[in-house]
Amino acid sequence: MCSRFCPRTVVRCSRRRCPRTCTRRRTGARARLRRSWPRRARCRLARGAGIRCTGTLDEPGQDAVLDRLLDLVLVLALRTWCAGANTAPAWYRALADPAIRQAVRLLHEEHGRRWTVAELATHVGMSRAAFAARFPALVDEPPLAYLTGWRMTMAADLLRDGEVTVAAVAHEVGYEDPFAFSVAFKRA
């Protein structure tokens, strides 16, 4: 397998003998990112995705292709990282439980709704006590604290755009009063 970058290729080729002359090592941001990946992930990506030395850097649409390729690499890296039992984040481990996965989905889809723990438990088919015990065990925080954090994340994204008022953002994320939203936002 070719151990260097082809001057005309963005990714490492996966052929035993590269058909192009490999004389120059790329030094751009993408090359530095690629070199920072573990060797096993580089080989797995090259073999699993079937990436070959076919494209040049100046073809039409190359930027769009590179953006999608970087998305693919990010997804593959996250999947590999989350596959390890000790390194997976709590929210990823929680998605393995069907009831908690459904509760998280409900909280994300209807973040403006006035949820209670009992109402969430009813929607996922669990008792309130069992749900209240299982959710923080898997997600590392209680359901309403998770909802508040999600609302504040959504609010920060909306406020960053700068096109909407604080009152509109407060209403969008489930607060009736902009002052209560402002207090919660400062606390978070």
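Determine the shape class of segment 60-175: with a ≥ b ≥ c the square roots of the Cα gyration tensor eigenvalues, call it rounded for a/c under 1.5, and otherwise prolate if a/b is greater than b/c, oblate otherwise. Before the final figure, lay out each step's value.
Values: a/c = 2.68, a/b = 1.21, b/c = 2.22.
In terms of gyration-tensor shape, oblate.
Probe of 1.4 angstrom, ligands and nucleic acids ignored: what's the accessible area per residue over segment 105-151, in square angstrom?
On the way: 2480 Å² over 47 residues.
For segment 105-151, the per-residue accessible area is 53 Å².
Round to the nearest 0.05 the FRET efficiency obtained for Trp91 and Asp63 when R0 = 30 Å and r is the Cβ-Cβ distance.
On the way: r = 32 Å, r/R0 = 1.06.
Once rounded, the FRET efficiency stands at 0.40.
Can you give the FRET efficiency to the nearest 0.05 for Leu74 and Ala137, using r as the Cβ-Cβ distance and R₀ = 35 Å?
Numbers: r = 29 Å, r/R0 = 0.83.
About 0.75, to the nearest 0.05.
For His171, His123, His108, give the ranking by accessible area with the largest first, probe 1.4 Å. Display every interim value, and only then the final one.
Numbers: His171 140, His123 85, His108 60 Å².
If we order His171, His123, His108 from most to least accessible, we get His171, His123, His108.
Could you please state how large a percent of the accessible area of segment 58-113 is carbon and sulfur, counting protein chains only and using a 1.4 Å probe?
Details: 2230 of 3640 Å².
Heavy-atom surface of segment 58-113 belonging to carbon and sulfur, 1.4 Å probe: 61 percent.
Considering only protein heavy atoms, with the full assembly of protein chains and a 1.4 angstrom probe, order Arg68, Arg114, Arg134 by accessible area, largest first. Present the calculation step by step, with values, prior to reporting the outcome.
Values: Arg68 145, Arg114 175, Arg134 95 Å².
Final ranking, largest accessible area leading: Arg114, Arg68, Arg134.
At 7 Å along the Cα-to-beta-carbon direction for both Ala83 and Arg160, put a label point, then send me their distance in nm to one decimal.
3.0
Can you tell me how much longer the chain between Glu119 and Gln102 gets when fully stretched, taken as 0.36 nm per residue apart minus their C-alpha distance, in nm with one decimal?
Details: separation 17, 0.36 × 17 = 6.12 nm, distance 1.28 nm.
Extra length available between Glu119 and Gln102 comes to 4.8 nm.
The values are calculated or read from the model by the stated rules, or taken from the named source; none is laboratory data. Computed from a predicted model, the values in this text were never measured in an experiment. Methodologically, a virtual Cβ is constructed for each residue, glycine included, from the backbone with ideal geometry; neighbour enumeration extends over all protein chains shown. With ligands, DNA and RNA removed, areas are computed over all heavy atoms of the protein, side chains included. Shrake-Rupley method; radii C 1.70, N 1.55, O 1.52, S 1.80 Å.
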